[in-house]
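Written out below as structure tokens is the structure these notes cover.
Only the coordinates and a few stated rules stand behind these numbers; no lab work does. Predicted model, so just to flag it, every value in this text is computed and none were measured. Here Cβ is always computed from backbone atoms with ideal geometry, including for glycine, and neighbour counts include all displayed protein chains.
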Ligand SMILES: Cc1ncc(C[n+]2csc(CCOP(=O)(O)OP(=O)(O)O)c2C)c(N)n1
């Protein structure tokens, strides 16, 4: 199936807005939205609940339903505005969901996708969202039939979901862009790890940042026991780090976040500042993109995380643009009290042969808890 064709079919159904958070299963769809020449308004939202909010507002203003796309892990973020606002027992706001299905039962996937994948269809049923599942064998006629059903639901003020299996969308012209930064992300992470004292606990965000830190930790330290990888729960790494820092005043805790993840639940920044944990350090690796799932730009490329952290009340916040400064992070962690944020602008590159954690998530949890002692 071609994303460009689906998008023009959506437009013919009267949909005028597309909002969502990118996903690797939907990479071609996301590229298609970026390159689409038609009349759709597109927002890359900060989280999936925000995308539902945009869809509601857009409908109120135009009377036209919106399409909301996401990875199935984003269903959790959208439940509240869907169940408490859009559902037909409340306002009855029509919208069409395009949901990438990671962790489909029977298909090997990473641990964070297994349970979410198992309950994806049940969750939609519980949320009273009728759905159809599509894959690479779905024919044009079948898709027309699905969109006909979707159209009926939308006309009725209801929602409808299309659940998309891996490999459904054909490769088309990919959307490419540059952010203008020169420092490589993995190189910056390597330099951070080399500089940090060995007893520092590191909590890393969802996506390739964790995978790169995993490989670099094993390379540099010979193990990765100091690393807790927030493999799912995107946007929650800093609260996990704060939870550790609050319990363990004897440990310094460094959260290594992504810009997309930091944007997802940004209210945590003033919260961290108000807790004022002296042993907490926050590094935001900023490539202005959701690089891990296909490098789609975030909807807020202009964001200066260090300025926001300063305004939120962090003790210090700085943007580090040279590797010499990145090399000093370890020294600053040792000598200066947190909360401190360092924002590091990096390029969009990543390694094609980047590995994934070899141990189970539980084994990694146990290794980390043993490290904390
Ligand atoms: C709630 C939720 N929505 C979407 C995803 C899919 N996802 C995994 S990593 C990622 C991108 C993370 O972007 P960023 O934090 O900027 O890090 P980068 O990949 O650019 O290094 C996305 C969108 C997810 N895991 N969870």
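Points worth noting:
- With the simple model of a label 7 Å out from the Cα in the direction of the Cβ, residue 300 to residue 220 spans 2.8 nm.
- Segment residue 274-residue 322, length gained on full extension (0.36 nm per residue, minus Cα span): 14.3 nm
- Shape category assigned to the range 209-320 from the gyration tensor of Cα positions, a/c cut at 1.5: oblate
- The smallest convex shape that holds all Cα atoms of the range 247-373, its convex hull, gives 136 Å³ per residue.
- When each of the peptides 287-296, 129-138, 20-29, 273-282 is scored by how many other beta carbons lie within 10 Å of its residues on average, the order from highest to lowest is 20-29, 287-296, 273-282, 129-138.
- Spin-label proximity, residue 108 to the range 359-373 - amide N less than 16 Å from point 7 Å beyond Cα toward beta carbon: 359-361
- Extension reserve of the residue 370-residue 115 stretch, reckoned as 0.36 nm per residue once the Cα distance is removed: 89.2 nm
- Helix-only [θ]222 nm of the chain, DSSP H runs n ≥ 4, -39500 (n - 2.57) each, per residue, nearest 500: -12500 deg cm²/dmol
- Evaluated at q = 0.13 Å⁻¹: base-10 log I(q)/I(0), Debye formula over Cα of the range 3-164: -0.55
- Taking the inverse of the mean reciprocal distance over all distinct Cα pairs, the Kirkwood hydrodynamic radius of the chain comes to 21.5 Å.
- The chain: angle of helix 208-221 to the longest principal axis, Cα-based, in degrees nearest 10: 30 degrees
- Between the range 177-239 and the range 98-166, the Cα center-to-center distance that results, in Å: 33 Å
- Ordering of 109-121, 193-205 by burial proxy (mean other Cβ atoms within 10 Å per residue, highest first): 193-205, 109-121
- Relative contact order, percent, the range 185-372 [alpha-carbon distance under 8 Å, six or more residues apart]: 27 percent
- In plain terms, the chain from residue 140 to residue 194 could stretch by 14.1 nm, reckoned as 0.36 nm per residue minus the Cα-Cα distance.
- Pairs of Cα atoms nearer than 8 Å and 6+ residues apart set the relative contact order; for the chain it is 16 percent.
- Cα centroid separation - the range 281-316 against the range 337-373, whole Å: 17 Å
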